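The next block holds one structure in the form of structure tokens; read it before the comments.
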Amino acid sequence: MRRPSFTHSIADEGGTPSIQGWWLWLAATALLLIGGCSAEGGRENGPLRVQVFTGAYSSMPVHVAVEKGFFQQRGLSVERLPANSSSAAIAALIGGSMDVVESAPDLVLANIDKGIDLKYLVGNESTNYVTLVVGNHVPVGTDLPVGTHVPLPEQSRDAIVRQLAGRRIGVNAIGSTVYLAAVLMLEEAGLAVEDVDFVATGSAATTLSSWQAGAVDAQMTFAPVPELLETLDLARPVLVLADDGPPALQYRGLYAGWVARGALVRDQPARADAFIAAMRDAIDWIREPENHEEMLDLASRHAPVAALSEAQNKEVMERMVRNYRRYWGYRISPAAIDLWNAYALRFNLIDQRIPFADVVYAKAPTCAGACQ
């Protein structure tokens with residue numbers, strides 16, 4: 001069965017990283033040489049430079065920690081710096097222009113495999129938030145209700161996926177983590193990449209345009225796209241990977257988190273520990289249902305939805321904040337890192353498994369087995 005090729009750069013959207021090859025390591029090394037800040041020593045003074053994705057909901061814990069004073073309470077000053085993709089954020093981290101960035105483990109493992117010292121400080125999302133939505137014009141038969149967060153039996157999941165043969169499946173970018181998840185799910189259901197037509201739809205706004213133009217039949221995606229398409233009655237969620245995806249894609253215990261250079265935890269552990277504590281405070285606050293209304297206000301300022309009418313935008317935001325609450329989580333599981341190692345090996349991102357201790361800071365919050 002033919003494997004996808006990953007020899008070119010792929011831009012990505014929000015918090016979903018694109019897979020990079022050897023060129024990313026070279027680019028990051030170049031940044032390290034010209035970046036004007038040593039990646040080994042780091043900065044001991046001044047604010048901790050924390051990356052956020054422009055307008056992305058996945059960066060909300062940082063905004064909450066700033067606005068609710070959690071960083072200040074931990075004695076930490078933070079500067080928020082924007083990035084448009086995880087690959088750009090990781091390159092900036094290695095180059096020394098950022099101190100902490102958000103990424104899924106595939107990109108982190110690929111760089112560690114090349115000898116770059118990176119460590120997870122704390123999780124951000126503890127399960128896979130990627131969702132398969134299917135157009136309302138596409139019949140997908142199953143013997144169970146779908147989109148209800150009730151795990152489907154494996155045969156039902158595979159039956160749904162097989163019904164997408166010959167259809168156009170949208171992804172944010174060809175080669176992205178979302179794309180690779182779709183490839184793996186197809187293979188688990190007995191299909192090949194050639195059995196569907198993948199369409200790169202880009203950002204949430206351009207994805208919505210693709211759907212309105214009738215250019216796709218299904219989409220592997222993440223907030224706010226499922227909520228947008230459901231609000232407009234264009235598509236409905238069918239599989240949430242955290243619940244219904246193949247076990248190899250559920251990642252209960254780390255889907256994305258906050259990463260620093262090894263030098264930060266080695267030379268400035270107090271700042272690393274303060275960041276961890278503030279992020280725990282922020283995620284605990286976000287997950288409290290009683291903070292829902294205030295969270296809506298914060299999200300409308302930092303991750304606004306503006307593609308529809310005012311009433312529809314509010315409906316999308318309401319759904320997104322409510323639906324996403326269950327994905328937040330700061331504890332990291334060795335079982336999740338094992339799954340990411342298997343994933344990275346499957347797609348030739350690493351040469352050998354990387355031990356948990358080489359991926360996760362010794363004082364990071366952890367848990368055994370699946371955790372949230």
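The values are calculated or read from the model by the stated rules, or taken from the named source; none is laboratory data. Please read all numbers here as calculations on a predicted model, not as lab measurements. Note that we place each Cβ from the backbone using ideal geometry, even for glycine, and neighbour counts take in every protein chain shown.
Quick notes on this structure:
- Residue count, the stretch 196-207 (criterion: in contact with a Ser or Thr (Cβ under 9 Å, 6 or more places away or on another chain), surrounded by fewer than 20 Cβ atoms within 10 Å (Cβ to Cβ) and aliphatic (A, V, I, L, M)): 2
- The stretch 315-344: number of residues that are surrounded by fewer than 16 Cβ atoms within 10 Å (Cβ to Cβ) and either in contact (Cβ under 8 Å) with a residue 40 or more places away in the chain or within 17 Å of LEU249 (Cα to Cα) (or both): 2
- With respect to the conditions (1) of a type in the set (Phe, Trp, Tyr); (2) out of contact with any Lys or Arg (no Cβ under 8 Å at 6 or more places or on another chain); (3) within 13 Å of VAL122 (Cα to Cα), TRP340 falls short on a single one, namely (3).
- Taking (1) in a helix (DSSP H, G or I); (2) in contact with a strand residue (DSSP E or B) (Cβ under 9 Å, 6 or more places away or on another chain); (3) β-branched (Val, Ile, Thr) in turn, VAL259 satisfies each apart from (1).
- Criterion violated by LEU81 - all others in (1) part of a helix (DSSP H, G or I); (2) surrounded by fewer than 23 Cβ atoms within 10 Å (Cβ to Cβ) satisfied: (1)
- The set of residues in the stretch 208-248 that are at pLDDT below 90 and either more than 20 Å from the chain's Cα centre (by Cα) or of a type in the set (Asp, Glu) (or both) comprises ASP243, ASP244.
- The single residue among LEU308, LEU264 that is within 28 Å of LEU239 (Cα to Cα), in contact (Cβ under 8 Å) with a residue 60 or more places away in the chain and among the aliphatic types (A, V, I, L, M) turns out to be LEU308.
- None of ARG287, ARG280 is touching a Gly at 6+ places or on another chain (Cβ under 9 Å) and under 30 Å from ALA362 (Cα atoms) except ARG287.
- The stretch 177-195 - residue that is buried (at least 22 other Cβ atoms within 10 Å of the Cβ) and not hydrophobic (A, V, I, L, M, F, W, C) and, of those, modelled with the highest pLDDT: TYR179
- Sole residue being buried (at least 17 other Cβ atoms within 10 Å of the Cβ) and on the phi < 0 side of the Ramachandran plot, chosen from PRO247, PRO226, PRO269: PRO226
- Residue in the stretch 59-78 that is surrounded by the fewest Cβ atoms within 10 Å (Cβ to Cβ), counting only those that are touching a residue at least 60 places away in the same chain (Cβ under 8 Å) and among the small types (Gly, Ala, Ser): GLY75
- Test: residue in the stretch 279-296 that is touching a Pro at 6+ places or on another chain (Cβ under 6 Å) and β-branched (Val, Ile, Thr): yes
- Of residues in the stretch 92-107 being among the small types (Gly, Ala, Ser) and more than 21 Å from ASN341 (Cα to Cα), the one surrounded by the most Cβ atoms within 10 Å (Cβ to Cβ): GLY96
- Any chance PHE275 is in the same structural domain as MET98 (by TED's automatic domain parsing), modelled with pLDDT of 95 or more and aromatic (Phe, Trp, Tyr): yes
- Which listed residue, of LEU296, LEU254, LEU308, LEU264, is modelled with pLDDT of 95 or more, assigned to a loop (DSSP other than H, G, I, E, B) and out of contact with any Cys (no Cβ under 7 Å at 6 or more places or on another chain): LEU254
- Taken over the stretch 347-361, the residue count meeting the criterion of being farther than 14 Å from ILE116 by Cα, over 19 Å from the mean Cα position of the chain (by Cα) and surrounded by 15 or more Cβ atoms within 10 Å (Cβ to Cβ) is 3.
- Look at (1) touching a Phe, Trp or Tyr at 6+ places or on another chain (Cβ under 9 Å); (2) surrounded by fewer than 19 Cβ atoms within 10 Å (Cβ to Cβ); (3) over 27 Å from SER203 (Cα atoms); (4) not hydroxyl-bearing (Ser, Thr, Tyr) and you find that ALA364 fails only one, number (2).
- Of all residues in the stretch 332-361, those being more than 14 Å from PRO105 (Cβ to Cβ) and touching a helix residue (DSSP H, G or I) at 6+ places or on another chain (Cβ under 8 Å) number 2.
- Out of ARG326, ARG301, one residue alone is part of a helix (DSSP H, G or I), under 28 Å from VAL183 (Cα atoms), modelled with pLDDT of 90 or more and not aliphatic (A, V, I, L, M). It is ARG326.
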